[in-house]
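Each remark here refers to the structure printed beneath this line.
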Amino acid sequence: MSNLRPLPEAHHLMFEQHLQKLQDHHLLRRLRTIDSATGPTAVLEGREVILLSSNNYLGLATHPTVVEAAIAATRQYGAGSGAARLVCGSLMPHHTLEAALARFKGTEAALTFAAGYLTNIGAIPALIGKNGLILADRLCHASLIDGCRLSGAMFRVYHHGDMHHLERLLARRPAGTPTLIVTDGLFSMDGDIAPMQDIAQLAERYDAMIYVDDAHGTGILGRTGRGTLEYCEVESRVPFHMGTLSKALGSSGGYLTGSASFIAYLVNTCRSFTYTTAPNPGSAAAAAAALQIIEQEPERRLRLWENRARLAQGLLRLGFDLAASQSPILPIIVGDPDRAMTMAQSLFAHGVYAPAIRPPTVPPTTSRIRLTITADHTPEQIDRALVILEQAGRAINLI
Ligand code: PMP
């Protein structure tokens, strides 16, 4: 039953044909309902399963202090912000969070956005325009690619992590072309870390800017959790840092840190900052509380890495190919999307939820089960998951 006018037949047919084509290629996606928090376990379609696919790396999305901070801010400031930041939505929790982020990253200022996606599609066009050149790693996140396209700059990709290729592209560009090198810090689908020392060196040699998306590194990499740039010891060589509040920080939103004038420039130029409602006060307060826990409880990070070692060692012992993972993101490369789907279904049937990741999210022939582990998984949950992963891997002759 629908009270809408039916779609014109031609459109309806076009949509149906597109969906059928995706189905035929095992690339159709459907939404599944999770009826619980996304902790180490979750309730999916009525069953409790071990969750190996959330980015809640430090377990902070469900941490009582973080949840209470969201509730208190929601009580005081409301469920929604009411307007864009530049209208009347710039609430105290946003400013408190931005001050905390700037302090954490050791920069003059910070700016938060309603999503990491919005951060990238706004900041990149603010940094470079159609007279410029963008050189991006081939495995950059979709939001970076969309930001690059929106900028109107000339856009070239270099082979994943290939510094010789990047240098060739830098050397070949017309003299005086403003250039932005774009990369993930910790790659979201492969779990490997960008060679930031080499990228910084090339940027300095060829006078290019660097834009690093540290959505996945924030809170988990580096001695104090400041992310990939701290881990690679290049923080002071990169003038602005981008990350998200939606992964280790357990909330939602994106951020950029940098000089006060850079942040003021973004406030005045970033369309995805200006023309969208400010993040919910509860989300901002939750992220600020999470940041404090990250600073005060380094043992969470330690537990995450211990869990990562237990799971990775178990998987390697079983004979799985984990590509070049160096992090709590552990891709089990399967190849064909139909085999990856079969493996995901088998995992779910036996109590592990880790969906198949297929093109266009990952390059063709590299469909995979992308596992993520968190600080809150217990050794028993990891060992149980390994038994289930072994069964599912054997069932498709992957191991
Ligand atoms: N960048 C990377 C590398 C990501 O993995 C993601 C989220 N998957 C984003 C940006 C987008 O962040 P958000 O989910 O906060 O919009």
Completion exercise
Taking Cys148, Cys140 and counting other beta carbon atoms within 10 angstrom, the fewest-first order is Cys140, Cys148
Fill in the blank from the handout: Restricting to Cα pairs under 8 Å and 6 or more apart, the percent relative contact order of the stretch 62-296 works out to 31
Exercise for the section: For Val182, list long-range residues whose amide hydrogen, built 1.01 Å from N in the peptide plane, is under 5 Å from its own amide hydrogen. Expected result: Leu135, Ala136, Asp137, Tyr211
Practice task
Rank Val212, Thr41, Leu398 by how far each Cα sits towards the positive end of the charge dipole of the chain (+1 on Lys, Arg Cβ; -1 on Asp, Glu Cβ) and give me just the farthest.
Solution key: Val212
Completion exercise
A correct Karplus calculation of ³J(HN,Hα) over the stretch 27-39, with 6.51 cos²θ - 1.76 cosθ + 1.60, θ = phi - 60°, whole Hz and x for Gly and Pro, returns 10, 6, 10, 9, 7, 10, 9, 9, 10, 6, 6, 9, x
Practice task
With an 8 Å cut-off on Cα pairs and a minimum separation of 6 or more residues, tell me the relative contact order of the stretch 222-292 in percent.
Solution key: 25
Problem - Cα→Cβ-extended label distance, 7 Å offset, between Tyr206 and Glu108, nm - result: 2.9
Fill in the blank from the handout: Placing each pseudo-label 7 Å from Cα in the direction of the beta carbon, Leu302 and Gln23 end up separated by a distance in nanometres of 5.3
Handout entry: For Gly217, residues with placed amide H under 5 Å, excluding near neighbours
Key = Leu186, Thr228
Exercise for the section: Mind putting a number on the dipole of the chain about its Cα centre? Charges go on the C-beta only, +1 for Lys and Arg and -1 for Asp and Glu, and I need it in Debye to the nearest 20. Expected result: 560
Exercise for the section: Work out how much length Thr365 to Thr177 would gain on full extension: take 0.36 nm times their residue separation and subtract the Cα-Cα distance, in nm to one decimal. Expected result: 64.1 nm
Fill in the blank from the handout: Rg from C-alpha atoms of the chain, normalised by the globular rule of thumb 2.2 N^0.38 Å, equals 1.01
Practice task
Starting from the Cα-Cα distance between Arg75 and Gln197, subtract it from 0.36 nm times their residue separation and give me the gain in nm to one decimal.
Solution key: 39.4 nm
Exercise for the section: Determine the percent antiparallel among the DSSP beta bridges restricted to the chain, to the nearest 5. Expected result: 60
Exercise for the section: Using R₀ = 35 Å, calculate the FRET efficiency as 1/(1 + (r/R₀)^6) where r is the Cβ-Cβ separation of Lys130 and Arg223; round to 0.05. Expected result: 0.30
Completion exercise
Scoring the chain by relative contact order with C-alpha pairs under 8 Å, at least six apart, yields a percentage of 21
Practice task
Output ³J(HN,Hα) for the stretch 103-117: one whole-Hz value per residue in order, computed from phi by the Karplus curve 6.51 cos²θ - 1.76 cosθ + 1.60 with θ = phi - 60°, and x for Gly and Pro.
Solution key: 5, 4, 8, x, 10, 5, 8, 8, 9, 10, 10, 6, 7, x, 4
Fill in the blank from the handout: So Thr274 and Ser261, fully extended at 0.36 nm per residue minus their Cα-Cα distance, gain in nm 3.0 nm
Practice task
Pop out the ³J(HN,Hα) list for the stretch 179-196 in order, Karplus 6.51 cos²θ - 1.76 cosθ + 1.60 with θ = phi - 60°, rounded to Hz; leave Gly and Pro as x.
Solution key: 10, 10, 8, 10, 8, 6, x, 10, 6, 6, 9, 10, x, 9, 10, 5, x, 5
Handout entry: the stretch 263-360 - charge dipole about Cα centre, Lys and Arg +1 at Cβ, Asp and Glu -1, debye rounded to 20
Key = 20
Fill in the blank from the handout: The size of the Cβ-based charge dipole (Lys, Arg +1; Asp, Glu -1) of the stretch 62-296 about the Cα centre, to the nearest 20 debye, is 580
Handout entry: Sorted by Cβ density within 10 Å, fewest first, the residues Ser346, Ser246
Key = Ser346, Ser246
Problem - Cα lying deepest toward the dipole's positive end in the chain, options Ser367, Thr74, Leu13, charges on Cβ - result: Leu13
Problem - Label point distance in nm, His11-Arg237, each placed 7 Å from Cα along Cα→Cβ - result: 5.2
Completion exercise
The answer for Asp321, listing residues at least 5 apart or on another chain whose modeled amide H is closer than 5 Å to its amide H, is Ile333
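Each reported figure results from applying straightforward, stated rules to the coordinates on display, with no laboratory input. Here the structure is a predicted model, which is why all the values come from computation and not from measurement. Cβ coordinates were reconstructed from backbone atoms using ideal geometry, including for glycine residues, and neighbour counts include every protein chain displayed.
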